[in-house]
Ligand code: GLP
């Protein structure tokens, strides 16, 4: 079932998304969270930290798995997703860091690291709620447009457009790694719920294509139309611009 929630602005998106996540944690204190990076979820993480500092939410028993990591960046590298998670969430909550899992970008054999991550995911079981952002080309995690949908964790080549988009976090474009380890789409579809966040007009076009266009590996996020669990899409007015024009009846 797909539920589309269109809110006024990014702040409201962050607040609502944090509420959805915290409900899952309250219902199941040892929930397995599927976490994502990128700029979209940053505000939501801030809201979760606030809830924790207010004494409303504990992450003591919570476990987490991240979607992806750049190849070649060690966990303490300032641009690694491991460092992103520490700085944007983990350092400010009571989660046991031993229960937080992210592919190791510094592994000497990245293919073997993909394999190791899959075995870990098998052991942890189904993700209770998987958080997702969406790339401008429709990528989810680092699953780029392709001729087929990936199943398991894979070593991926980043497209030029993704490298360009992510260069804003680096000193220069040539410092952006060209490869990443990404959880496959098959893995993402195994989770019990998916929470997809989108903000800003730059996502309006791809969000409409992904949720209402053809289901094709050229738009990886389009597979979410076939997802069997609960798909909750929370976005702001600018991100929902095209959907509002074409499918206003679908908005909750
Ligand atoms: C990155 C990440 C994705 C993220 C996407 C969108 O490449 N690997 O997980 O969803 O790009 O990022 P942003 O939220 O900054 O637009």
Of all residues in the stretch 223-239, which are surrounded by fewer than 17 Cβ atoms within 10 Å (Cβ to Cβ) and not in a loop (DSSP other than H, G, I, E, B)? 225, 226, 230
Is it the case that residue 134 is within 16 Å of the ligand (Cβ to nearest atom), in a loop (DSSP other than H, G, I, E, B) and under 16 Å from the mean Cα position of the chain (by Cα)? yes
Based on what the data block shows, is residue 199 at pLDDT below 95, surrounded by 18 or more Cβ atoms within 10 Å (Cβ to Cβ) and more than 14 Å from residue 2 (Cα to Cα)? no
Going by the structure shown, is residue 243 more than 16 Å from residue 140 (Cα to Cα) and either away from the ligand (no atom under 16 Å from the Cβ) or out of contact with any strand residue (DSSP E or B) (no Cβ under 7 Å at 6 or more places or on another chain) (or both)? yes
May I ask you to verify whether residue 147 is away from the ligand (no atom under 13 Å from the Cβ) and out of contact with any strand residue (DSSP E or B) (no Cβ under 9 Å at 6 or more places or on another chain)? yes
Return the residues of the stretch 156-189 that are farther than 26 Å from residue 243 by Cβ, surrounded by 16 or more Cβ atoms within 10 Å (Cβ to Cβ) and more than 13 Å from the ligand (Cβ to nearest atom); say none if nothing qualifies. 184, 187
What number of residues within the stretch 202-222 satisfy the criterion of being crowded, with 21+ Cβ neighbours inside 10 Å and more than 20 Å from residue 244 (Cβ to Cβ)? 1
Would you pick out the residues in the stretch 13-30 that are surrounded by 15 or more Cβ atoms within 10 Å (Cβ to Cβ) and touching a strand residue (DSSP E or B) at 6+ places or on another chain (Cβ under 7 Å)? 13, 16, 17, 20, 21, 24
Tell me, please, whether a residue that is on the phi > 0 side of the Ramachandran plot and modelled with pLDDT of 95 or more can be found in the stretch 43-63. yes
Which residue pairs have Cβ atoms closer than 7 Å, lie 6 or more positions apart in sequence or on different chains, and pair a first residue in the stretch 126-137 that is closer than 15 Å to residue 235 by Cα with a second residue that is part of a loop (DSSP other than H, G, I, E, B)? 131/36; 131/41; 132/36; 133/36; 133/38; 133/40; 133/41
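The values are calculated or read from the model by the stated rules, or taken from the named source; none is laboratory data. All values reported here derive from a predicted model rather than from experimental measurement. Please note: Cβ atoms are built from the backbone with ideal geometry, for glycine as well, and neighbour counts cover all protein chains shown.
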